[in-house]
Amino acid sequence: MMDIDTFSETVEAEMELLPDYVYEELNGGVLVDPAVYPHPARLEEDLYILGTYSSLGILGKQIVLYYGSFAVTMGNCPDEAVRMQIRETLRHEFRHHLETRAGLFGKDTLIEEDRNNMIRYFMRHRERRPES
């Protein structure tokens, strides 16, 4: 796994590929946090949050990528695979930002897609557990 400095440089390089308009109203910017962020609803040691978008609070609208979560989930992956996951995560969080700015919170939004992904996660775990 790349070190945190290389990770941050990779995040910056991926950000440069995005058009200027996606940064409008992102007054808290994009941050890299060294923390590992386990998903609070996870059922096992198998679900980590790689990035978040926040539009509330004193820090304003911001995106955070969690280096520690990337390291835990992608520790043995080549740098190019990590870069592709950074790209995907960054664009995912920017989509949250754009949808929030547009007032989109319901059907056919990323919020709904994330909720459906969690339902699939819970169903996979349910299918693996023997019935009591």
* Could you count how many residues in the range 21-37 are under 19 Å from PHE7 (Cα atoms), in contact with a strand residue (DSSP E or B) (Cβ under 6 Å, 6 or more places away or on another chain) and surrounded by 14 or more Cβ atoms within 10 Å (Cβ to Cβ)? -> 5
* Asked: Which of the following residues is assigned to a loop (DSSP other than H, G, I, E, B), closer than 21 Å to GLU88 by Cβ and not charged (D, E, K, R): VAL36, VAL32, VAL22, VAL64?
  -> VAL36
* Consider THR100 carefully, then state whether it is modelled with pLDDT under 95, part of a helix (DSSP H, G or I) and in contact with a strand residue (DSSP E or B) (Cβ under 9 Å, 6 or more places away or on another chain). => yes
* Could you give every pair whose Cβ atoms fall below 8 Å, whose first residue belongs to the range 95-118 and is closer than 13 Å to GLU25 by Cα, and whose second residue is in a helix (DSSP H, G or I) and modelled with pLDDT of 95 or more, counting only separations of at least 6 or pairs across chains? -> HIS97/VAL22; LEU98/VAL22
* Got a sec? Which of ARG95, ARG42, ARG115 is in contact with a helix residue (DSSP H, G or I) (Cβ under 6 Å, 6 or more places away or on another chain) and among the charged types (D, E, K, R)? -> ARG95
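The values are calculated or read from the model by the stated rules, or taken from the named source; none is laboratory data. Being a predicted model, the structure only gives us computed values, none of them experimental. Note: ideal-geometry Cβ built from the backbone for every residue, glycine included; neighbour counts use all protein chains shown.
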